[in-house]
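What follows draws every value from the coordinates through simple rules; no lab data is involved. Note that the structure is a prediction, hence the values are computed from the model and not measured. Methodologically, a virtual Cβ is constructed for each residue, glycine included, from the backbone with ideal geometry; neighbour enumeration extends over all protein chains shown.
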Amino acid sequence: MNLILKPAETYRGDYSVRNSDAAILRFPFPFPEDSYMYSVNIEPHVPGGPSVAYDAAFDLDEHYIGECADRAITLADDPMRCIVMPHLIDAEWDTLELLMESLAKDYPEQFVLTKDGAVWHWVNHPLGIDQKFTFGDATTLPYPPFEFITRQVQGDFTLQDQRDNNLFVEGGMVTAQADWSLNFDAGMSFMEWHAPVPLAHQSGVFERALAYLLRLQYGKPVRRLNWTLTANPRLDTSPENYPIWGPEKAAITPENVGERLCLRVELQTLTRLPRSNAILFGIRGYLIRLEELTRVKKWSRRMHRLIRDLHPDIATYKGMSGYRQTIIDYLGSFDDGAPTSSGTASEQTSL
Ligand code: HEM
């Protein structure tokens, strides 16, 4: 797969990160229609979709180096962003194997994996990593296996153990989350960690989603999209660091909303792991400033109508109450009233 990497840009401080035209056109715009309600929007994770972001098992893009650097900063400040309970050691190795094999297959110019029995050799060219280790022997790696590999992949990951007809989140690398905490949720069951979400419990969305996931088969991963809004392209919007990013939300004005406010989309993948029978949940986040998004006419119109008509409980849960009208006014100036076609692809080949 074609992968052109930018030098590291920043996701804090001066927020230097910008999307190239190519990155805007490949953005996984999440809205197939002009309105939105929670649903069990799960589909097979097979290569292909409305943009090339769906082509790889684990999508990488131009921001790879900057996102890995930002993760390292967050981990240095708070090592509890990576937690794996000891009984999930098999799931750690499952994850390492899956991610190394997938990256080496999808991006052979950047990543090379060779195996000689249990002795593996991993080369990550963009990050300058060259590591020989013995599969199954954690003492041969500089970090535990799950942390070693998830430091080298864009997006957060959690590990769910399956027992008693339920899923329990008992591991993860979470440095780019939309206002939830792995340290707080660790050990919770599916319904417990979803407790704060409005409306979806009453409509049975979570019951159906859990029933589906309990039957997830090895070799048949699935995916879904989730979205929220974030002030500034900040990856680490954790509850722990709310004192840093909370005031940035309050500083959104009609003058800066286009530049600062970002649509944050999560391309979530769910994969059954072979040895542990755990489920790996990948949360691959994408950030796009509204001024970048409005370069695609169809997306501006659709998002204007969707935010305008969004159920107030969902708007409150997603934290947009303070600036909802500001967004509606900004996006409304791009809405010419034309009907939007179905589908999510930009349908523009250039910007
Ligand atoms: C098994 C892996 C999963 C994990 C670890 C996970 C985790 C989470 C977490 C931590 C939240 C935020 C809750 C909070 O506010 O504290 C959340 C929100 C949510 N999850 Fe999941 N989830 C998983 C799978 C799913 C599935 C399969 C669905 C399918 C319906 C789903 C639907 C949702 C929805 C609708 C929200 C609210 C999102 C929003 O409005 O921004 N989740 N999830």
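Distant-in-sequence amide contacts of K132, defined by a placed amide H-H separation under 5 Å and a gap of 5 or more residues or a different chain, comprise W122.
Would you work out which of I244, V197, M173 lies farthest towards the positive end of the dipole of the chain, given +1 charges on the beta-carbon of Lys and Arg and -1 on that of Asp and Glu, about the Cα centre? Toward the positive end, the furthest listed residue is V197. For the stretch 34-47, 3J(HN,Hα) computed residue by residue from phi via the Karplus equation (6.51, -1.76, 1.60; θ = phi - 60°) reads 7, 10, 9, 8, 4, 7, 8, 8, 10, 9, x, 8, 10, x Hz, glycine and proline entered as x.
Which value results when the Cα radius of gyration for the stretch 196-276 is divided by 2.2 N^0.38 Å? Present the calculation step by step, with values, prior to reporting the outcome.
Values: Rg = 17.6 Å, N = 81, 2.2 N^0.38 = 11.7 Å.
Working it through for the stretch 196-276, the quotient is 1.50.
The charge dipole of the chain, taken about its Cα centre with unit charges on the Cβ of Lys, Arg, Asp and Glu (plus for the first two, minus for the last two), comes to roughly 660 debye. Charges were assigned to the Cβ only: +1 to each Lys and Arg, -1 to each Asp and Glu. The resulting dipole of the stretch 202-348 about its Cα centre is roughly 760 debye. Proximity of backbone amide H atoms, modeled 1.01 Å from N, is registered between A278 and L273 at under 5 Å, excluding neighbours fewer than 5 places apart on the same chain. Listed values for the stretch 5-14 are Karplus-derived 3J(HN,Hα) couplings in whole Hz (6.51 cos²θ - 1.76 cosθ + 1.60, θ = phi - 60°), namely 9, 8, x, 4, 10, 9, 10, 6, x, 8, and x replaces Gly and Pro.
Less than 14 Å Cβ to Cβ from S346, Lys/Arg counted +1 and Asp/Glu -1: what total charge do the surrounding residues give? Show your work: numbers first, answer last.
Values: positive: R26, R295, K297, K298, R301, R302; negative: D21, E292, E347.
For residues surrounding S346, the net value is +3.
For a straight C-alpha distance cut-off of 18 angstrom, the aspartates and glutamates reachable from K298 (same-chain residues fewer than eight places away being disregarded) are D21, E33, D34, D309, D329, D335, D336, E347. The residue list H125, T326, S102 was ranked by how far each Cα lies along the charge dipole of the stretch 26-332 toward its positive end, using unit charges on Cβ atoms, and T326 comes out on top. Helix 297-309 and the longest principal axis of the C-alpha atoms of the chain enclose an angle of approximately 80°. Computed from backbone phi, the HN-Hα couplings of the stretch 211-217 come to 4, 5, 5, 4, 9, 4, 9 Hz, rounded to whole numbers (Karplus: 6.51 cos²θ - 1.76 cosθ + 1.60, θ = phi - 60°; Gly and Pro given as x).
At 222 nm, what value in deg cm²/dmol follows for the chain if DSSP H runs of at least 4 each add -39500 (n - 2.57) and the sum is divided by all its residues, to the nearest 500?
Using -39500 (n - 2.57) per qualifying helix, the result is -8000 deg cm²/dmol.
Shape summary of the chain, radius of gyration then Dmax from alpha carbon positions: 19.9, 62 Å. Ranked by the mean number of other Cβ atoms within 10 Å per residue, highest first, peptides 196-205, 234-243, 122-131, 164-173 order as 164-173, 234-243, 122-131, 196-205.
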